Amino acid sequence: MKLEKIYNLKEKVFIVTGGTGCVGNNLLKNLSLLGAKVESIDIEKTKLKMKNVNYFDCDSIIEKKLKYR
């Protein structure tokens, strides 16, 4: 059975910290494949681009940098 039939993630939004690491990158890939909208936050910049994924490079430990402007 396909994951798309088990998990309906279309139009759901996920925030992933550490998206450029090994585990985070696989999580982004799988969430994207399942149709989720994903926001990836990491201190490292990435050259990878995936469908339905927005990338933000910032230090998530510093609260000021996470505030919406």
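Could you list, in sequence order, the residues of the stretch 17-47 that are touching a residue at least 24 places away in the same chain (Cβ under 8 Å) and β-branched (Val, Ile, Thr)?
Listed by number, the residues that qualify are Thr17, Thr20, Val38, Ile41, Thr46.
Considering only residues of the stretch 1-49 that are in a loop (DSSP other than H, G, I, E, B) and closer than 18 Å to Ser60 by Cα, which is least open to solvent (accessible area, probe 1.4 Å)?
It comes out as Gly19.
Inside the stretch 50-69, can you point out the residues that are open to solvent by 70 Å² or more (accessible area, probe 1.4 Å) and either at positive phi or hydroxyl-bearing (Ser, Thr, Tyr) (or both)?
Tyr68
If we keep just the residues of the stretch 1-19 that are in contact with a Lys or Arg (Cβ under 8 Å, 6 or more places away or on another chain) and of a type outside the set (A, V, I, L, M, F, W, C), which is modelled with the lowest pLDDT?
Result: Glu11.
Filter the stretch 31-56 for residues that are over 9 Å from the mean Cα position of the chain (by Cα) and farther than 13 Å from Lys10 by Cα and give the result.
The answer is Asp42, Ile43, Glu44, Lys45, Thr46, Lys47, Leu48, Lys49, Met50, Phe56.
The values are calculated or read from the model by the stated rules, or taken from the named source; none is laboratory data. Being a predicted model, the structure only gives us computed values, none of them experimental. Cβ: placed from backbone, ideal geometry, glycine included. Neighbour counts: every protein chain shown. Quick note on the areas: whole protein, heavy atoms, side chains included, nothing else; ligands and nucleic acids left out. Shrake-Rupley method; radii C 1.70, N 1.55, O 1.52, S 1.80 Å.
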